[in-house]
Amino acid sequence: MTSRDAIDVRPITESEFADWTRAMSIGFLQEPTLPDEVVDARRAQLTPGRTVGAFDGGRCVATFRSFAQELTVVGGAAVPADAVTNVTVSPTHRRRGLLSRMMTRDLAAAKERGDVVATLIAAEYPIYGRYGFGPATSAAEWTVDVPRAGLDPRRSGPGDGGRIDLVDGEDVRKLGPELHRRLWRAQPGAVSRDDLWWKLTTGAVRFHTSFHEPFYAVYRSAGGEVEGMVAYTADDNWGDAKQPLNTARVKWLIGVTPAAERALWHYLCSIDWVVRVKSGWRAPDDLLPHFLPDPRAAAVTTQADWLWVRILDVVRALEARTYEAAGSLVLEVADGAGLAGGRYRLEASADGAGSCVPTTEGADLTLDVAELAVLWLGDESAVRLAALGRVREERAGAARQADALLRTSRRPWCPDIF
């Protein structure tokens, strides 16, 4: 077995990208050998200095990549984020500290660049807490039993004067980015999408050997403005009595108004032969069930953590967001990596603005940097975390006060996986 020190962890060169891609595919239990055209297409994601591999005897055995991202916080501001993805360790090289080496160098570089946070979507729950990440948003998937939903099967379109049109991938690439920007700026927890995202989702660029083009539908308001869009697929399932029993599966759905969301969900439930709609990953407090005459027709089939956040700059993170009430709180933040620890005084004014400064005052709450990330976007309760022993009250009532400041009326949500 090669010693840990003999394994070289470093940014890859362009000539090593094919080997790095093979190692990533192995780590994710995908086909280990990809066609040259797929490897070449994936080179669009190769960011110099931020695509890292671990090499044992010249062979790549672990992968790690980060890229620039912007994350929307409570109140609508966006902060620069270090988005972590493509993290794998080959099964032959587990438990040798390779992930720790790659993560440590990436977070240090992100801190040096001035990123406020790092983000990732965790494939496994137990891995990332030890690096200071905490689950800051969650997501849910609903399955709609269409016959039970109570919708009028005779309906032919939105009842609000708007309309729904089927479009193709080229239309999506033209209309989607601006529509998404409207959602991104309004939704805490949402992240930016670049031009490559739209090319991948429409098949203009392909990272896999097969691409099954989905259907695309656009909702336009009565005034003609694009306010919603959905991509979905459908299977071909027939019962024993020659009865269509098809399922429509939503790949993604954007609605910047409740009217747009309602119209698109009703449209999906009105498609001939479709008896079941799978919603894809949605916000945990999504309005979908209540768009149906019978909300019980929409059952939660999966609910789990989604976007994980690692705070790198406590002052900028707390000053970027707005607050639900006026008040002050002194936080003792522990950070074993030494990136963001310290004692900070948060002051929130009546207009929602916040200021944060280092302080020597006595702490009201003591918590790890990962727990601060859990609270930061407003999704979790400090009172709950205190009950679990993950936050310690140094002053009676401090956890309840933290909830009054930090929690939000709607839950944060990240529509993307990356």
Out of (1) surrounded by fewer than 18 Cβ atoms within 10 Å (Cβ to Cβ); (2) under 19 Å from the mean Cα position of the chain (by Cα); (3) part of a helix (DSSP H, G or I), what's the single condition that is false for residue 180? (1)
Among the numbered criteria (1) over 27 Å from residue 276 (Cβ atoms); (2) in a helix (DSSP H, G or I); (3) of a type outside the set (Ser, Thr, Tyr), which single criterion is violated by residue 224? (2)
Select from the range 367-418 the residues that are out of contact with any Gly (no Cβ under 6 Å at 6 or more places or on another chain) and among the aromatic types (Phe, Trp, Tyr) and write down the one among them that is surrounded by the most Cβ atoms within 10 Å (Cβ to Cβ). 376
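Restricting attention to the range 184-211, which residues are assigned to a helix (DSSP H, G or I) and either touching a Pro at 6+ places or on another chain (Cβ under 7 Å) or of a type in the set (Gly, Ala, Ser) (or both)?
186, 198
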Criterion (out of contact with any Lys or Arg (no Cβ under 6 Å at 6 or more places or on another chain) and either open to solvent by 50 Å² or more (accessible area, probe 1.4 Å) or among the acidic types (Asp, Glu) (or both)) met by exactly one of 304, 337: 337
If we take the range 1-93, then strands (runs of 3 or more DSSP E) inside it with 3 or more residues that are more than 24 Å from the chain's Cα centre (by Cα) are 8-11, 51-56, 59-72
Looking only at residues that are of a type in the set (Val, Ile, Thr) and closer than 22 Å to residue 150 by Cα in the range 231-276, which one is surrounded by the most Cβ atoms within 10 Å (Cβ to Cβ)? 250
Which pairs turn up if I take residues in the range 304-326 that are among the hydroxyl-bearing types (Ser, Thr, Tyr) and look for partners that are open to solvent by 40 Å² or more (accessible area, probe 1.4 Å) with beta carbon separation below 7 Å, at least 6 apart in sequence or on another chain? 322/75; 322/353
From the options 336, 378, residue that is over 23 Å from the mean Cα position of the chain (by Cα), at pLDDT 95 or above, not in a strand (DSSP E or B) and not β-branched (Val, Ile, Thr): 336
Counting only residues in the range 277-293 that are aliphatic (A, V, I, L, M) and open to solvent by less than 40 Å² (accessible area, probe 1.4 Å), the one nearest to residue 149 (Cα to Cα) is identified as 292
Residue selected from the range 122-139 under the condition within 14 Å of the chain's Cα centre (by Cα) and crowded, with 20+ Cβ neighbours inside 10 Å, by the criterion nearest to residue 83 (Cα to Cα): 133
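The values are calculated or read from the model by the stated rules, or taken from the named source; none is laboratory data. Note that the structure is a prediction, hence the values are computed from the model and not measured. Don't worry about glycine lacking a Cβ; one is built from the backbone with ideal geometry, like all the others, and counts go over all protein chains shown. Ligands, DNA and RNA are stripped out before the accessible areas are found, and what is left, the full protein with its side chains, is counted by its heavy atoms. Shrake-Rupley method; radii C 1.70, N 1.55, O 1.52, S 1.80 Å.
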